[in-house]
Each structure stands twice: as structure tokens, then as C-alpha cells.
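Notes follow the structure.
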Amino acid sequence: MKIIEVNDYQQMSTTAAEYIIEKVVQNPSIKLGLATGSTPIGTYQRLIEDHRKNGTSYQKVTTFNLDEYIGLAGDNQNSYRYFMDHQLFNYIDINNAKTNIPSGMAADLQEECNHYEDLLTKHSGIDLQILGIGSNGHIGFNEPGTSFASKTHIVELASSTIQANARFFNRIEDVPTQAITMGISTILKSKEILLLVSGEEKGEALFRLVNGEIHESFPASVLKNHPCVTIIADKAAIAKQRVYC
Ligand code: PGA
């Protein structure tokens, strides 16, 4: 794993966006794995700015999102489909038909998981996966204890995740308790992974990732088994390393 240290969230976002743009320019048909949450919002804003200013095109790009809440339709403002449309897709020239997010409204959710996994296989996998990390080490919605062999599956969200995500909802009771997520083996099949980490509250997770053992109790630790992971972390997240190393 390579770690790029940056000053703050803004610089993390700019650095990540430049990294992604370079890959898109090199390979206009790139398959990108995308993440939601607070962490990548600044990166997506930079991609939009660049698209407007420099005309970087996403017409041939295919995207696969990591996860989606079960029970929220795409027009629900807390769904990840809505997030992606409003944080990125509506503002670049991407072909909507090439943006893939699991459906949390599918009549047969297990079938939806199988379909998503098949779709990824059919596209020969993701070239560059953008990831955030949960304070409990989750990647996608793969909570602690998830098998490293897992494929796209249905998860029960950890209470810490529900609490962390409650900030986006009016009431904590409104946060879905289940989601569909790419599995850990699905994520690991990506050719390259870019992990974004910002803020003091992610310091402990970053410390465990870098210094801890590889174990299913801390899902992100599996990234150490991947040959091509770049972490862009800001000083606030890295500070913890300095204290302990
Ligand atoms: P966050 O979430 O970007 O909102 O902190 C990251 C994650 O839970 O994977």
C-alpha cells in the first residue's frame, strides 16, 4: 500500500480527482467503482469542475457503485442512486445507462445481488475502485465479521454505521437497517483501489489498517492483500500514526 499524505480534506479531494482524471484520460472506457458518503463529495466536485473547464469526457465510462440501502427508491434523497445523480452524474456527460448501482427495491433482493455480481464479471471487473473507510473498518457496507470471500450480498448494518449515517436522515429511525453491498472479494477483484481517508475521527481506523493484522474483524485490513492500493490521507487522519509509531 502506498500512502499519499495531504494537508486537509480539500487537498485530498484535489489529489484524488487528479488521480481519477488522469486514469480517465488514459482510458476513456475505464470502469470506475464509486463510493458514497461524505468523503468523496469534494472529489466529485473537482471532477465536475474539471469536466466544465477542461472537457474531460465520461461518455464511454462505466461506473459501479459499492452499495445501496434496501427499501429506498432512487428518487428518495437518502438513496445512493439519488446521491450519485446529484453529487456527480447530473453534472458530467456520463451515459446514465452505464451507471450501475444495486437496486434496494428489487422484488427478489438475492437475485439482485447475483445479477450485480454477474454484471461486474461480464464487464471484466473494475479498473479503479474509489473507497472510503468506516470508523469500524467497513468498506462498502461490509461490516466487521464479513467473510473475505463474500460476493455482492445483503447486509444488516452495524448500529455504529446506522448512528454514523443518521446525520443524513431526519430521524435515526428512518435509517434503513439493511443494504446491498459488493462483497469483499468483489472489491478485491478491482485492478486498482484508491482509498480516501480524512479527519481525526478516521485516525483510529487508518492506524488499525496500517499497523494491525489482516483479519475479518476489521474488513479494510484485507486491502493489504491487494497488489495495488493507494491511500490518500490527510494530516488529521494520519496524526494518530505519529502518536503511536
Ligand atoms: P463517510 O463514510 O465518507 O461518510 O465517512 C465512509 C464509509 O462509511 O465508508
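The values are calculated or read from the model by the stated rules, or taken from the named source; none is laboratory data. In this text, all values refer to a predicted model and were calculated from it rather than measured experimentally. Every residue, glycine as well, gets a Cβ built from its backbone with ideal geometry; the counts of neighbours run over all protein chains shown. Ligands, DNA and RNA are excluded from the accessible area calculation, which covers all protein heavy atoms including side chains. Shrake-Rupley method; radii C 1.70, N 1.55, O 1.52, S 1.80 Å.
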Roughly what % of DSSP beta bridges within the chain run antiparallel, to the nearest 5?
-> 25
Other residues with Cβ under 9 Å from the Cβ of V61 give, with Lys and Arg +1 and Asp and Glu -1, a net charge of +3
For T121, the accessible surface traced by a 1.4 Å probe with all protein chains present amounts, in square angstrom to the nearest 10, to 90
At 1.4 Å probe size, with no ligands or nucleic acids counted, give the accessible surface of V222 in Å², nearest ten.
-> 10
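Using the beta-carbon distance between N96 and H215 and R0 = 30 Å, what value does 1/(1 + (r/R0)^6) give for FRET efficiency, to the nearest 0.05?
On the way: r = 39 Å, r/R0 = 1.31.
The formula returns an efficiency of 0.15 here.
Compare K122, K240 by solvent-accessible area with a 1.4 Å probe and give them largest first, with all protein chains kept in place. Before the final figure, lay out each step's value.
Details: K122 155, K240 55 Å².
Ranking K122, K240 by accessible area, largest first, yields K122, K240.
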Would you mind checking the pairs K23/K60; K151/K224; K202/K235; K31/K98; K31/K224; K2/K151 and listing those with alpha carbons more than 20 angstrom apart?
-> K31/K224; K2/K151
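With every protein chain present, what is the per residue accessible area of segment 1-98 (1.4 Å probe, Å²)? Provide the component values of the computation, followed by the final result.
On the way: 4490 Å² over 98 residues.
Heavy-atom accessible area per residue stands at 46 Å².
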Most fluctuating residue given options K98, K53, K191, as computed from a GNM of the chain linking Cα atoms under 10 Å | K53
Whole-angstrom Cα spans of segment 7-195 along principal axes, big to small | 42, 36, 30
Using the Karplus equation 6.51 cos²θ - 1.76 cosθ + 1.60 (θ = phi - 60°), what ³J(HN,Hα) coupling, rounded to whole Hz, does each residue of segment 18-33 give in order, writing x for Gly and Pro?
-> 4, 4, 5, 4, 4, 5, 5, 5, 5, 9, x, 9, 4, 9, 9, x
Along segment 46-53, Karplus-curve 3J(HN,Hα) (6.51, -1.76, 1.60; θ = phi - 60°) to the nearest Hz, with x for Gly and Pro, reads 5, 5, 5, 4, 5, 4, 5, 7
Please report, in whole Å, how far the alpha carbons of segment 41-116 spread along each principal axis, starting with the longest.
-> 43, 24, 16
